Every structure is written in C-alpha cells, then in structure tokens.
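Peer 1: Can you read through this structure? Questions will come right after.
No value in this document is a laboratory result; all are computed from the given coordinates. Since this is a predicted model, take the numbers as computed values, not measurements. Neighbour counts are summed over all protein chains in view; Cβ atoms, including those assigned to glycine, are modelled from backbone coordinates with ideal geometry.
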Amino acid sequence: MKAAVFHGPRDIRFEDVPKPELNDGEALMRIRACGICGSDLHTYREGLFPQLGLEIAQGRILGHEYSGEIVEIRGELPSIRLGGRYTTVSMGGNAEFLRITPFIASRMIPIPDDISFEEAATTEPLATSLHAVNLADPRDDQTLVIMGAGIIGLGILQAIKARCRARTIVVDLSARRLALAGQLGADLTLDASREDAVARLRKLHGTTDLSLLDSSESAIDTVFDCAGATAHYKGTTVLEQALGLVRQNGKVVVVAVFERKVEVDLNVVVRKGVQLLGSWAWTPPEFVQAMELIRSRKLDRKPLITHRFALEQASLAYETQMQANEAIKVVLTP
Ligand SMILES: [Zn+2]
C-alpha cells in the first residue's frame, strides 16, 4: 500500500509499505481523510518529543486525526460493521490502510451520513479544544481571551460559542486566521503583528498588577495559551502574557505544546491565585461530545479545512501546514 513515512525532521516520503496483516478480531480501515495535527508538525519540524510521550521512531507513519471506512473484518469484531464509516484515534493515518485492533475499535465512533470524512477527521482536534473549554468552564458573563488562532484556538472559540454567550477575544499574528475567528463569532480580534495586543487588552479590560495596589481589577476571567513556544523563539512568551492579563483567581489554560523550557515568574501565579491548568487531549466522552457538536450543526468545521492534498503530496502538505499565515487545517486524502 501507499503511505507517507516519517524519516526524520522535514523528511516525509511517499513510499510503498506492506499492507497491514490482520489477526483474528481485527479490521482493516481504508483511510479517507487524515488531518495534520500540531503534534505531527512538531515531530515533522523538530523530530522526537520523548518528554511528551510522543516518541516516534524514524520510519513511522504519522497521522492520528483520521476517518475512513471498514473494508475487511477478520473473525469477530462485534462493535464494527463492514462498510461502516468511522473516526477514531491511533497513529498511522497517513496511509491507504490502517489495522484496527479491538482496542482501537472500542473507541471508534460512527460518522453520521451527512458528515463528510474530512469534517469527521476534525473531531479529534475539536475534542482537544472541548477539553480545554471544559477546564475553563465558562459562563455567559465572562470574558475569555484565546491566544493563538490555529485549529485548537479556533475550536476553543467554537466550543465556547456552542455553549454560552461569554465574550471572546482572539489574538493571533495572521490576518487570515483572525478573519476566520471573526467569521466564527469572536467578539473582538487583535492582530499582534500590527499592534501591542497585550497593551490593548490591558486598556480595554484593566489589569491586575502583582502588587494588587492597582484598583483596576482585570476583567479577563480566562486566557487560553494555544501558542506555546517554538524552539527558537526568544521574546516574551504567550504564557507570561496570559499570566499578566488574567484577573485575580482567574484561569490560564495551557493547551499548546512547548518545544523548549520557558521561564515564568511564579510569584504572579501565587500572588494572583491564578489557576494554571494544563490541557492535554480529551476524555472518551469528550470525543463523543465533539462529534455530537458537529452532527447537530452547533458548529461548522468546514471553514477550518483550508487545504487538501493527495497522499503522494504529503511532503508538500506538511510544508503547507507549517505556513501558519495560510493554513489552518491541512487534510490528506489517501
Ligand atoms: Zn491531534
């Protein structure tokens, strides 16, 4: 079968690899769509991420945000229907076929008839966004700031809008991403490449300084860090900005991946009583809930799919996903 195989940083090759052999109680999925995830991209750019438990041996097939149809079942696999359309999560989606073990099958969810394979392949990143929003637990009267408008940040915006009427502010460096955030219902978008977004937010919503002598208590209840820090970035991190912006006893939800260690003044966390929450992946019920949000049309994932590539163009697809200005979600269609 054909597959896009990871050989090392910036080296993904379209190759012939053996088609998976099935054991009894396993199924074969014909992959129809597979999104390139931020975590795939970190691996693509920098190589392994052992500290996150994302160790990818060279020669591995990336891609875990996939959907497809079951074309073969060996023996008994009661939860799965031959010909059925499903989405789930495991590695190896950048290929024509994928072996579905009983464990993977136990976490598969059927794709409703009127939902495309591409939309279904965005269920996993939406579940990641949903998990972050569930940690923030927003209410109607709150103000939430989303720093970074990639697929996760925009999904956070969608999940907030689907749930309550909180005021949402999205900050990014890309005009295209911010335009999309506006289209998806953000109350305010700030282009940090054109203005000092932190200064503007302080002006709009007040600040809670470390001394707490400042009477203008910040009105920002939660900041989502969907930007993290790349290996080579040297300036003030979004995390530092977020800790400075949030109100006393507010929440900072960190949902980004950090390619290096960053320095923060923990006195800000302590003195302001900030609830600093790490958000990693999702729970199985959140995965189901994400698909339900798509099925019920409470949100629309289609505008987030900006590029499609055949599997033979995998290398170009990864390079395109690296273009943060242009690409939100790049989908491979094996
Ligand atoms: Zn992912």
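Peer 1: Mind listing whichever residues of the range 6-42 are within 16 Å of the ligand (Cβ to nearest atom) and either small (Gly, Ala, Ser) or surrounded by fewer than 20 Cβ atoms within 10 Å (Cβ to Cβ) (or both)?
Peer 2: Ala33, Gly35, Gly38, Ser39, Leu41
Peer 1: Looking at Asp114, Asp141, Asp137 in this structure, which one is of a type in the set (Asp, Glu) and more than 28 Å from Asp221 (Cβ to Cβ)?
Peer 2: Selected residue: Asp114, the only one of Asp114, Asp141, Asp137 that is of a type in the set (Asp, Glu) and more than 28 Å from Asp221 (Cβ to Cβ).
Peer 1: Moving on to the next point. What is the residue count in the range 90-129 for residues that are in a helix (DSSP H, G or I), closer than 30 Å to Leu277 by Cβ and away from the ligand (no atom under 13 Å from the Cβ)?
Peer 2: Total meeting the criteria: 5.
Peer 1: List, please: which pairs have Cβ atoms under 9 Å, are six or more places apart or on different chains, and start with a residue in the range 27-45 that is in contact (Cβ under 8 Å) with a residue 24 or more places away in the chain and basic (Lys, Arg) and end with one that is assigned to a loop (DSSP other than H, G, I, E, B) and within 11 Å of the ligand (Cβ to nearest atom)?
Peer 2: Matching pairs, first to second residue: Arg32/Ala121.
Peer 1: Please enumerate the residues belonging to the range 289-300 that are out of contact with any strand residue (DSSP E or B) (no Cβ under 6 Å at 6 or more places or on another chain) and over 20 Å from Ala256 (Cβ atoms).
Peer 2: Of everything in the range 289-300, those that are out of contact with any strand residue (DSSP E or B) (no Cβ under 6 Å at 6 or more places or on another chain) and over 20 Å from Ala256 (Cβ atoms) turn out to be Gln289, Glu292, Leu293, Ile294, Arg295, Ser296, Arg297, Lys298, Leu299, Asp300.
Peer 1: With respect to Ala186, determine if the residue is away from the ligand (no atom under 15 Å from the Cβ), touching a Leu at 6+ places or on another chain (Cβ under 7 Å) and touching a residue at least 12 places away in the same chain (Cβ under 8 Å).
Peer 2: Yes, satisfied.
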